[in-house]
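Below is one structure, written out as structure tokens; comments come after it.
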Amino acid sequence: MTQFFAAVDLFGPYEFQFFRNGVIVATLAGALCGLVGCYVVLRNMSYIGHGLSHAIFGGYAVAGLVGVNLFLGAGTWGVVTALAIGGIVRRRPIGSDAAIGVVTTASFALGIAVVQKYGSPGKNADALLFGNILGVNAGDVWLVAGVSLTAVALVAFGYRPLLFTTFDEEVAEASGVNTTLVEVLLMIVLAATVLATMSVIGVTLIAATLVVPAVVARMLTDSFSTMLLIATAVGAVSGFVGMNLSFHLDLPSGSTIVLVATAMFLAAFVLGNRVHLAGKLGK
Amino acid sequence: MNTPSSLMNRRTLTPAGEALIEARSLSVAFATGPNVLDDINLTVERGDLIGIVGPSGSGKSTLLRVLLGSLKPSHGTVARSRGMTIGFVPQVERIDWNFPVTVSECVGMARSRGWKTPWITKNERVEILDVLERLGLHGLADRHIRDLSGGQQQRVFLARALFTGAETIFLDEPTSGLDVKTRHEVLHLLADLNAEGVTVVLSTHDLNGIAAHLPIVVCLNTRILGAGSPERVLTPSILEQTYGSPMKILEHAGMRVVVDAGYNSSVDNPALTTVPSAKRVSGL
């Protein structure tokens, strides 16, 4: 290991602007996904990241077809899709997994059909599918930073209603919490998270960045507040370390980030009982 | 027999109080199915301690949800006193015990209306510890909810309801799955809270262990088949209508004990169906 670090120039890639942007975006995206992912996992909607990213691809294709700004169109499509999933789950006796499966795959199928028929609306279609973290620009940095700040603000200002609604929606509603508003805000932030990180991580890998940090955190603590902190940290670390490793090992950045997170999952799985934090960090 | 219409007059049985919730001609149906609740008229007054009894599928939980406001009736009205807050203790079977939440977090989430700090403030922490101590949960604030006994878990959710500052608490099957001793502890706790002015409405399928010791019992099977004191309501006629099975009422050690008339051995030996510690709550 010492030889490895001696052989590589750890700070060399930071000479390049694209790499600095990439590291910032990967770290922020990891933290953002870790934070939002806690709510996703605890609401038993782990598949929604995967589904939403596919659904947004449909919105991207349709937006290109009708001549709307691709980012705006895909974002609006993602929010509507997320709300549709929540609405179906609330109004019909259908599990969230089934609702996600129906809505998002339909949207993805629509996107594929549109792209096949009318062509890709832009050269970034492949980047959306597989991620292109090395091609991120300053705009991507600001976008991810803005969505991250929004997510942190939502969690800070709506911490208790979010927790109550996630834990027990019916009782929360009976206790005066506007659960519909909570749901809408959460879905908007989730869709924005997927949209902002999709071009970095890619449609095919984004589910892992939402789910794995939250699962790692859940194995390490029984406290909700501590879980939020750990998941955010795990996401940020996996983004930062994964981005650096991808450069030095010459591997795709998205998959390296996910593999680092997976390594942390394995470590937590093996050591979970020994390092169980039991809510101590949140006090 | 107490009919739905005579329910309106049941106030003669209890001290008059301010009406907190009034349900009128209430019916509930899901999709195209038959009515789950039909023509329900019920008034909950301040200071009441009411038990809703009935077999599985009789609409007990649905009635609680409608009175609570989390479910809209298909027909009829529910009027709630302006500004009143209701704490709800759900069935423990509905709780996700793997959810990462400590006892203090669980109680603290109850104060979610309006602007609140994400963290539990020092004052709130003191209040939470007070509520927990009052309910016999001292020293458990930082434990995960799964790591408690059944009775303690029930009391955590009661603490959450109290922490909202609610003056009325609804409990859905609060003694489900509890042993006899814990069941009576919960019953005594509810009686104590009621004595302190908290209005309590609970559903239960436990006739002898719970319902028989409450001041007001409502027999429900889609419709209200009887309401009033246990002496007036827990009669063979009303119980047979409610449960669809013949039942007998035995007097044992000054207590009324309901037994299934089909089990002759129980009828012959009332001690077999008597709750040993039932006398402890005779003061209810």
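The values are calculated or read from the model by the stated rules, or taken from the named source; none is laboratory data. Since this is a predicted model, take the numbers as computed values, not measurements. In this analysis, Cβ positions are derived from the backbone assuming ideal geometry, glycine residues included, and neighbour counts consider all displayed protein chains. Calculation scope for accessible area: heavy atoms of the full protein, side chains included, ligands and nucleic acids excluded. Shrake-Rupley method; radii C 1.70, N 1.55, O 1.52, S 1.80 Å.
Which aspartates and glutamates does B:Lys248 reach when only Cα atoms under 17 Å apart count, and residues fewer than 8 places away in its own chain are ignored?
Candidates past the 8-residue exclusion: B:Asp206, B:Glu231, B:Glu240, B:Asp260, B:Asp268.
Using the beta-carbon distance between A:Ala156 and B:Ala29 and R0 = 30 Å, what value does 1/(1 + (r/R0)^6) give for FRET efficiency, to the nearest 0.05?
E between A:Ala156 and B:Ala29, to the nearest 0.05, is 0.10.
Given the -39500 (n - 2.57) contribution per DSSP H run of 4+ residues, what per-residue ellipticity at 222 nm results for chain B, rounded to the nearest 500 deg cm²/dmol?
Numbers: 9 runs with 79 residues, N = 284.
Result for chain B, helices only: -8000 deg cm²/dmol.
At a probe radius of 1.4 Å, what is the per-residue accessible area of A:Phe269, in Å² to the nearest 10?
140
Need one value for B:97-107: mean number of C-beta atoms belonging to other chains within 10 Å of its residues' C-beta atoms.
For this peptide, the per-residue mean of nearby foreign Cβ atoms is 6.
Which value, to two decimals, describes the C-alpha radius of gyration of chain B once divided by 2.2 N^0.38 Å? If you can, show how the numbers build up before the last one.
Details: Rg = 19.2 Å, N = 284, 2.2 N^0.38 = 18.8 Å.
Its radius of gyration relative to the 2.2 N^0.38 Å reference: 1.02.
Within a Cβ distance under 13 Å of B:Met247, other residues only, what is the Lys/Arg minus Asp/Glu net charge? The partial results should precede the final answer.
Numbers: positive: B:Lys248, B:Arg256; negative: B:Glu240, B:Asp260.
Local charge sum for B:Met247: 0.
When a/c is below 1.5 the answer is rounded, else prolate if a/b is larger than b/c, else oblate, so apply that to the range A:18-204 with a ≥ b ≥ c taken from the square roots of the Cα gyration tensor eigenvalues.
Oblate, since a/c reaches 1.5 and b/c is not below a/b.
What distance in nm lies between label points placed 7 Å from Cα along the C-beta direction at A:Ile94 and B:Glu93?
Going from the A:Ile94 label point to the B:Glu93 one covers 2.7 nm.
Among A:218-228, A:181-191, how do they line up by average Cβ neighbours within 10 Å per residue, starting with the highest?
Going from most to least packed, we get A:218-228, A:181-191.
For the protein assembly as shown, just the Cα atoms, rotate onto the principal axes and tell me the three extents in Å, largest first.
Result, largest extent first: 89, 54, 45 Å.
Probe 1.4 Å, all protein chains in place: accessible area of A:Glu173 in Å², nearest 10?
90
Just B:Lys116, B:Lys248, B:Lys72 to compare: in a GNM of chain B, with alpha carbon springs under 10 Å, which one fluctuates most?
Between B:Lys116, B:Lys248, B:Lys72, it is B:Lys116 that shows the largest mean-square fluctuation.
Would you mind listing how long the range A:187-279 runs along its three principal axes, going by Cα atoms, in whole Å with the largest first?
Sorted largest first, the three principal extents are 36, 35, 17 Å.
With Cβ to Cβ distances under 12 Å as the rule, what net charge do the other residues near B:Arg223 carry (K, R +1; D, E -1)?
Neighbourhood net charge equals -2.
How big a patch of accessible area, both sides summed and in Å² to the nearest 100, lies buried between A and B at a 1.4 Å probe?
Details: alone 13630 and 13180 Å², together 24200 Å².
So the total buried area for this chain pair works out to about 2600 Å².
Where in the range B:152-178 is the amide nitrogen less than 13 Å from a point lying 7 Å along the Cα-to-Cβ axis of B:Ser81?
Backbone N within reach: B:166-169.
With a ≥ b ≥ c taken as the square roots of the eigenvalues of the C-alpha gyration tensor of the range B:32-78, please select rounded if a/c is under 1.5 and otherwise prolate if a/b is larger than b/c or oblate if it is not?
oblate
Tell me the mean residue ellipticity at 222 nm calculated for chain A from its helices only (DSSP H runs of n ≥ 4, each -39500 (n - 2.57), averaged over every residue, nearest 500).
Value at 222 nm, helices only: -26000 deg cm²/dmol.
Starting at the first residue of the range A:225-240, write each ³J(HN,Hα) from the Karplus equation 6.51 cos²θ - 1.76 cosθ + 1.60 with θ = phi - 60°, in whole Hz, x for Gly and Pro.
Karplus-based 3J(HN,Hα) across the range A:225-240 equals 4, 5, 4, 4, 5, 5, 4, 5, 5, 4, x, 5, 5, 5, x, 5 Hz.
May I ask you to evaluate 6.51 cos²θ - 1.76 cosθ + 1.60, the Karplus curve with θ = phi - 60°, for each residue of the range B:168-177 and list the ³J(HN,Hα) values in order in whole Hz, giving x for glycine and proline?
For the range B:168-177, the Karplus curve yields 10, 10, 9, 10, 9, 6, x, 10, 4, x Hz.
With each pseudo-label sitting 7 Å past Cα toward Cβ, what's the A:Thr105-A:Thr180 distance in nm, one decimal?
Simple spin-label model gives 3.1 nm for this pair.
Using only alpha-carbon positions, what ratio does the radius of gyration of the range B:87-166 give when scaled by 2.2 N^0.38 Å?
Details: Rg = 11.7 Å, N = 80, 2.2 N^0.38 = 11.6 Å.
My calculation over the Cα atoms of the range B:87-166 gives 1.00.
Place a +1 charge on the Cβ of each Lys and Arg in the protein assembly as shown and a -1 charge on the Cβ of each Asp and Glu, then give the dipole magnitude about the Cα centre in debye, rounded to the nearest 20.
That gives the protein assembly as shown a dipole magnitude of about 480 debye.
Rounded to a whole number, what % of the accessible area of the protein assembly as shown do carbon and sulfur atoms account for, probe 1.4 Å?
Answer for the protein assembly as shown is 60 percent, counting heavy atoms of protein chains only.
How much space per residue, in cubic angstrom, does the convex hull of the C-alpha atoms of the range B:62-208 take up?
Roughly 136 Å³ of hull volume per residue.
Using packing as a proxy for protection, rank B:211-221, B:123-133 so that the peptide with the highest average count of other Cβ atoms within 10 Å comes first.
B:211-221, B:123-133
Which value in nm describes the separation of the simple spin-label points at B:Asn123 and A:His248, placed 7 Å from the Cα toward the beta carbon?
5.2
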